[in-house]
Amino acid sequence: MARQRACWLRDGWVDLGLTVLPRSAAVLATGDLITKTEAIRRLAEFGVPAELAQEIRRRRDGQAVTLGAGQRVRRAHLARQIMRHGVSRLSNQ
């Protein structure tokens, strides 16, 4: 999915895609499934900037987050890059 560009323009893809990384890491490390809230707290471990983690946290809390078209494109590029590196890192564990 990291290769498909259009889906990463959507909030849901960014939020769920990125939170999968720390959740997967926890399962691989300890066998425990962590909550999405805990996964959001651990996003920095995968290079997610604090601003993007805060955006995800705000949506998770039910708050509206408004982004312009340019911001969505930049975020999509960043999310895809983080996913590629994160999946590679998890695959090598």
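The values are calculated or read from the model by the stated rules, or taken from the named source; none is laboratory data. From a predicted model like this one, the values you see are computed outputs, not experimental measurements. Glycine gets a Cβ as well: all are built from the backbone with ideal geometry, and neighbour counts include every protein chain shown. When the accessible area is computed, the model is the full protein with side chains, heavy atoms only, and any ligands, DNA or RNA have been set aside. Shrake-Rupley method; radii C 1.70, N 1.55, O 1.52, S 1.80 Å.
For the reader, a short list of remarks on this structure follows.
- Scan of segment 43-67 for residues that are open to solvent by less than 50 Å² (accessible area, probe 1.4 Å) and either farther than 18 Å from V20 by Cβ or among the β-branched types (V, I, T) (or both), ordered by number: V48, I56, V65, L67
- Scanning segment 55-83 for residues that are over 11 Å from the mean Cα position of the chain (by Cα) and within 21 Å of K36 (Cα to Cα) yields a total of 8.
- For first residues located in segment 68-93 and farther than 13 Å from S24 by Cβ and open to solvent by less than 90 Å² (accessible area, probe 1.4 Å), partners that are among the basic types (K, R) and modelled with pLDDT under 95 and lie 6+ apart or on another chain with Cβ distances below 8 Å form the pairs A76/R5; R80/R3; R80/R5.
- All positions within segment 25-42 that are of a type in the set (V, I, T), surrounded by 14 or more Cβ atoms within 10 Å (Cβ to Cβ) and within 14 Å of the chain's Cα centre (by Cα): I40
- Some residue of segment 5-16 being within 15 Å of R80 (Cα to Cα), open to solvent by less than 20 Å² (accessible area, probe 1.4 Å), within 10 Å of the chain's Cα centre (by Cα) and in contact (Cβ under 8 Å) with a residue 60 or more places away in the chain: yes
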